[in-house]
Amino acid sequence: MSHAKLIPHYHGIEHTGIQLPDRAQPWVHGKKRSLQRRRRNHQQTVEQLTELVKQYDWHWPRKPVYFISDLHADADALMASLIASGGVKAKGKHHHQLKLTKQGKHADFLIGGDCFDKGPSNLALLKTMNKLYKRGANLHILAGNHDIRVKLGMRSVEGNNAPGCEHFFIRMGAKAVPFLKEINDSYLSHAHSLRHIPGKRHCMKKLYPPNSWYDDFPAIAAEILPQSMIDKELRRISEKQAAFEEYCDDAGLSVRRAYAAALQWQRLFLHKDGEFSWFYRRMRLALRRGSFLFVHAGMDNNVAHLINKKGVKQLNRQFRKQLYGNPLRFYYGPVVNAIRTKYRPGDRPLTTRGAQHAHDNDLHVIVHGHKNMLNGQRISVRKTMVNFECDVTLDSHSRNKERLEGKGAGVTIIRPDRKVIGISTDHPYVKVFDPDSL
């Protein structure tokens with residue numbers, strides 16, 4: 001099959017104002033824009049990749065997987081990325097005017113985490129995702145660090161926190177305020193919206209950690225975190241607490257309204273019949289398809305060992321159990337490293353032994369987001385594990401910060417016919433990875 005035939009039909013892309021690549025090239029021809037070298041030259045990296053493909057027999061998904069990650073509250077980016085996949089057609093400019101194509105009806109749509117923060121509208125993104133689900137899409141949602149941080153922070157406002165966990169709301173800092181403002185404007189604009197909300201001082205007690213937290217946290221966290229991280233956390237919480245009211249003022253939000261919005265968030269997301277209760281209910285830590293493991297950030301030895309011993313289903317069960325347990329042990333524990341790691345020295349490591357545990361379980365490829373790319377998707381090799389890095393900087397806020405032109409769109413497609421397709425507005429070609437032609 002020629003590479004040109006692998007480019008999806010972009011049904012309705014004219015409604016988005018976004019340009020997508022209409023030519024294809026082999027993935028490795030993108031050189032440093034497509035392949036991380038890690039102290040090797042380009043040819044050596046291609047040879048290493050070729051040897052790994054030969055050494056391990058990859059099992060491919062039975063149906064296409066459309067992987068879209070790090071949307072950060074940008075519904076326009078989601079819509080354009082769905083069109084880029086070929087699995088969705090747009091019938092107009094509005095987000096609800098979408099329809100599954102024939103290909104989309106027989107594919108997995110996988111949202112790779114970090115739906116919240118940064119972008120224009122968290123609620124518009126969620127409504128577009130739910131519309132896709134109601135249209136019949138086989139939709140999966142992975143946990144991202146921003147999604148989990150928001151949940152733990154908003155949940156902590158309930159006031160019945162485990163000892164040492166009273167800081168999770170303030171830990172969100174300035175990033176929480178746009179979401180609270182959005183909730184306030186959408187649900188609390190009526191005249192009596194603050195009728196049952198207490199005074200400012202009481203609201204601050206609900207939102208801020210008590211003074212005793214600064215003495216209690218070091219002792220409670222000592223068995224989980226090194227002293228350097230404890231000191232850093234104390235310093236950050238103190239700074240964020242001192243600045244929170246100013247963040248609210250800048251957004252035109254009083255502390256009382258911030259507290260009311262946090263309670264409304266709980267009703268929307270945590271209550272059984274809440275409008276967005278489906279979001280965390282459908283969420284999982286990882287998805288496996290053949291030899292491909294999909295996670296938000298990456299894999300370390302703990303996750304590799306657990307998968308090898310008990311499988312991905314047990315990993316997801318452990319994640320679900322901890323998600324509703326003690327926030328401190330969960331957020332700073334080994335499972336959450338899969339949504340936080342950037343393989344830095346301070347992150348829990350993936351060693352050659354950990355990679356071998358994954359290979360023994362027939363897992364050879366990790367597909368993830370979290371680390372934003374500026375030239376479309378990239379392949380890297382970590383300890384013999386092939387990684388497809390797929391955070392292609394979709395949301396408008398991040399694009400402005402990185403000085404990327406135009407709106408963002410991108411999707412990574414894992415095809416049953418042994419091809420990986422990378423599409424992004426920031427690379428002039430559709431990237432085609434064909435292991436049989438390396």
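What follows draws every value from the coordinates through simple rules; no lab data is involved. It should be emphasised that the depicted structure is a prediction, and the values quoted were computed from it without experimental measurement. Cβ sites come from the backbone with ideal geometry, for glycine too, and all protein chains shown count toward neighbours.
Counting other Cβ atoms within 10 Å, which trypsin sites (Lys or Arg not before Pro) in the range 396-438 have at most 16 and lie in a DSSP loop? If you can, show how the numbers build up before the last one.
Details: sites: R399, K401, R403, K407, R418, K419, K431; in loops: R403, K407, R418.
Listed in order of number, the matching sites are R403, R418.
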Checklist line | DSSP bridge orientation in the chain - percent antiparallel, rounded to nearest 5 | finding: 50 percent
Next item on the list: Set Lys and Arg Cβ to +1 and Asp and Glu Cβ to -1, take the dipole of the chain about its Cα centre, and tell me which of C203, N161, Y133 lies farthest positive.
Entry: Y133
Item checked: Fully extended contour minus Cα-Cα distance, from N326 to A219, at 0.36 nm per residue -> 36.9 nm
Notebook entry, point to check: Based on the Cβ-Cβ distance of D249 and N160, what FRET efficiency does E = 1/(1 + (r/R0)^6) give at R0 = 30 Å, to the nearest 0.05?
Noted result: 0.55
Notebook entry, point to check: Pick from R38, R320, R284: which is most flexible by mean-square fluctuation in a GNM of the chain where alpha carbon atoms under 10 Å apart are linked?
Noted result: R38
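By count of other Cβ within 10 Å, fewest leading, how are C248, C390 ordered?
Working: C248 22, C390 26.
The order, fewest Cβ neighbours first, is C248, C390.
Below 8 Å, C-alpha to C-alpha, sequence gap of six or more: please give me the relative contact order for the range 149-265 in percent. Walk me through the intermediate numbers first.
Details: 114 pairs, mean separation 50.5, N = 117.
With pairs under 8 Å counted, the relative contact order is 43 percent.
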Notebook entry, point to check: For S228, S85, what ranking results if the residue with the fewest other Cβ atoms within 10 Å of its Cβ goes first?
Noted result: S228, S85
Margin query: Just to be sure I understand the model, the point goes 7 Å from the Cα along the line to the Cβ. What's the resulting H9 to R281 distance in nm?
Written below: 3.5 nm
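Does the range 192-262 classify as rounded, prolate or oblate by the C-alpha gyration tensor (a ≥ b ≥ c root eigenvalues; a/c under 1.5 gives rounded; else a/b over b/c gives prolate, otherwise oblate)? Don't jump to the answer; show the numbers that get you there.
Details: a/c = 3.42, a/b = 2.16, b/c = 1.58.
Because a/c hits 1.5 or more and a/b exceeds b/c, the range 192-262 counts as prolate.
Using 0.36 nm per residue of separation minus the Cα-Cα distance, give me the extension gain between E239 and K31 in nm, one decimal.
Details: separation 208, 0.36 × 208 = 74.88 nm, distance 4.26 nm.
So the extension gain works out to 70.6 nm.
For R62 and N41 in the same chain, what is the full-extension length gain: residue separation times 0.36 nm, less their Cα-Cα distance, in nm?
4.1 nm
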Notebook entry, point to check: Given a Förster distance of 22 angstrom, what is the FRET efficiency for D362 paired with Q314, based on the Cβ-Cβ distance and rounded to 0.05?
Noted result: 0.85
Next item on the list: Quick one: P(r) of the chain from all Cα-Cα pairs, 20 Å bins, percents rounded to integers, in order of increasing distance.
Entry: 25, 56, 19, 0
Check: Looking only at the range 55-83, which residues have a backbone nitrogen under 18 Å from a spot 7 Å from the Cα of E402 in the C-beta direction?
Finding: 67-82
Note to self: Give me K134, K151, K118, K175 sorted ascending by neighbouring Cβ count inside 10 Å, so fewest comes first.
What the structure shows: K134, K175, K118, K151
Notebook entry, point to check: Using 15 Å as the cut-off for backbone N distance, which residues of the range 157-175 belong to the label zone defined by a point 7 Å from the Cα of N211 along Cα→Cβ?
Noted result: none
Checklist line | Length-normalised contact order of the range 242-356 in % [C-alpha pairs under 8 Å, at least 6 apart] | finding: 23 percent
Next item on the list: Count charges around R353 for me, please; just the other residues with Cβ under 12 Å from its Cβ, Lys/Arg as +1, Asp/Glu as -1.
Entry: -1
Check: Can you give me the relative contact order of the range 42-166 as a percent, contacts being Cα pairs under 8 Å and 6 or more apart?
Finding: 25 percent
